[in-house]
Amino acid sequence: MNLSQIVTGLKVKYIKRMGMLNITPAERIENKILFMRGQKVMLDRDLAELYGVPTKRLNEQVRRNIKRFPDDFMFQLTRMETEYLASEGYLGEALRSQIVTLNEEIAKDKGKTANLKSQFATSSWGGRRKLPYVFTEQGVAMLSSVLKSERAVEMNIIIMRAFVKIRNLIY
């Protein structure tokens, strides 16, 4: 047995163990489509991964072109929705921010201003700090106009076909 056969065998074992052997790219995309607030949507994180860009950059392009994304194309999840998705395993990690409240009595003792009631503190360990956005089928279509890479165009076609397939299964 040569080295390439060993490596190929290891790859197949890994793929089998991860449950990805018989899943086509289209099926993996279909598995990322969620049903929220009565609509089929995809998480910004999943779309960024498919397009090959960081989530931060995807959302940055959306903010720069916000007029192209009305509420029926994209919306931000609530904290409760985000926590539910995290508990169901759809999100890799919970939000990394927390609210810190200033104790007024301690502040007065230390000579600090007591009118500061709270602040947001963020972990320096990385992770998501903002509530995620989700994109409807129309929002995904609009993303291809703001992400102008070749990969984004190719992936957008596959994603749109996955939405259509799911729509056909439902009706």
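Things to note:
- Verdict on residue 114 being under 17 Å from residue 158 (Cβ atoms), modelled with pLDDT under 85 and in contact with a Lys or Arg (Cβ under 8 Å, 6 or more places away or on another chain): no
- Any chance residue 89 is under 24 Å from residue 29 (Cα atoms), of a type in the set (Gly, Ala, Ser) and modelled with pLDDT of 60 or more: yes
- Selected residue (criterion: most open to solvent (accessible area, probe 1.4 Å)) from residues of segment 35-73 that are assigned to a strand (DSSP E or B) and in contact with a Leu (Cβ under 9 Å, 6 or more places away or on another chain): 40
- When restricted to residues that are charged (D, E, K, R) and modelled with pLDDT under 85, segment 118-149 contains 3.
- Count of segment 131-163 residues which are β-branched (Val, Ile, Thr) and farther than 22 Å from residue 90 by Cα: 3
- In segment 16-44, the residues that are over 21 Å from residue 54 (Cβ atoms) and among the polar types (S, T, N, Q) reach residues that are at pLDDT 90 or above and outside any loop (DSSP other than H, G, I, E, B) with C-beta atoms within less than 9 angstrom, at least six apart or across chains, in these pairs: 39/75; 39/134; 39/136; 39/137.
- The residues of segment 150-171 that are closer than 14 Å to residue 47 by Cα and surrounded by 12 or more Cβ atoms within 10 Å (Cβ to Cβ), listed by number, are 151, 152, 153, 154, 155, 156, 158, 159, 160, 162, 163.
- Cross-chain or 6+ apart pairs with Cβ under 6 Å, segment 128-149 first and closer than 16 Å to residue 160 by Cβ and open to solvent by 40 Å² or more (accessible area, probe 1.4 Å), then at pLDDT 85 or above and part of a loop (DSSP other than H, G, I, E, B): 138/73; 142/73
The values are calculated or read from the model by the stated rules, or taken from the named source; none is laboratory data. The structure presented is a predicted model; accordingly, all values stated were derived computationally and were not measured. A quick note on method: Cβ atoms are made from the backbone with ideal geometry, for glycine too, and the neighbour counts reach across all protein chains shown. Heads up: the accessible areas ignore ligands, DNA and RNA and are worked out on the full protein's heavy atoms, side chains in. Shrake-Rupley method; radii C 1.70, N 1.55, O 1.52, S 1.80 Å.
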